[in-house]
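The values are calculated or read from the model by the stated rules, or taken from the named source; none is laboratory data. None of the values given here were measured: they were computed from a predicted structure. All Cβ positions, even for glycine, are placed from backbone atoms using ideal geometry, and neighbour counts span all protein chains on display.
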Amino acid sequence: MNSKALVIIAGLGSAALLLGAYGFEHIGGLLPCKMCLWQRWPHGIAIVVAFIVLLGHKRNIIWLGPIATATTGSIGVYHAGVEWKWWAGPTSCSGGGADLGAMDGGALLSLDTPTGIIMCDEIVWQFMGMSMAGWNAIFAFGLTAIWIMAARRA
């Protein structure tokens with residue numbers, strides 16, 4: 001398979017993962033946490049890189065594709081570990097959430113505070129024992145391998 005076909009496969013793979021995430025959010029009603037959103041950005045970058053490469057700029061920019069997908073895969077591994085309580089996550093979206101002891105009475109009674117904080121350390125969906133973050137990591141590392149094959153053939 002030539003480099004162009006591999007770039008198309010890798011770019012479409014990232015697009016499919018992004019569309020799947022948005023589908024779970026907007027159709028399935030599963031709101032993303034902060035770390036879920038972090039995982040989306042590198043997929044977007046990989047899609048942009050695929051377009052640029054397909055327009056003919058291959059030499060050096062093609063290596064941004066595997067960097068982007070390896071980044072989202074790594075974030076997915078970290079996020080899955082936070083969900084399974086293997087290590088601590090960001091304090092802003094895991095553990096006890098907001099520090100109620102540090103808030104004054106006005107802040108506690110305010111109606112202007114966010115109502116639906118999505119916690120990063122809670123698994124909201126899983127398939128075959130793996131959360132979305134874990135599946136993102138697996139697919140992203142597969143896309144990384146495809147990107148590397150494409151870059152070597154460019």
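How about the range 30-76: which of its residues are of a type in the set (G, A, S), within 12 Å of V7 (Cβ to Cβ) and surrounded by fewer than 21 Cβ atoms within 10 Å (Cβ to Cβ)? Give the derivation first.
Going through the range 30-76, the residues of a type in the set (G, A, S) turn out to be 44, 46, 50, 56, 65, 68, 70, 73-74, 76.
Now narrow it down to the ones that are within 12 Å of V7 (Cβ to Cβ): 46, 50, 56, 65.
Hit for the range 30-76 is G56, nothing else.
For the range 125-144, enumerate the residues that are exposed (fewer than 15 other Cβ atoms within 10 Å of the Cβ) and small (G, A, S).
Of everything in the range 125-144, those that are exposed (fewer than 15 other Cβ atoms within 10 Å of the Cβ) and small (G, A, S) turn out to be G129, G142.
Restricting to the range 1-25, name every residue that is closer than 19 Å to V48 by Cβ and polar (S, T, N, Q).
Across the range 1-25, the qualifying residues are S3, S14.
I need the full set of residues from the range 1-16 which are modelled with pLDDT under 95 and either of a type in the set (S, T, N, Q) or within 15 Å of the chain's Cα centre (by Cα) (or both), in order please.
N2, S3 - these are the residues of the range 1-16 that are modelled with pLDDT under 95 and either of a type in the set (S, T, N, Q) or within 15 Å of the chain's Cα centre (by Cα) (or both).
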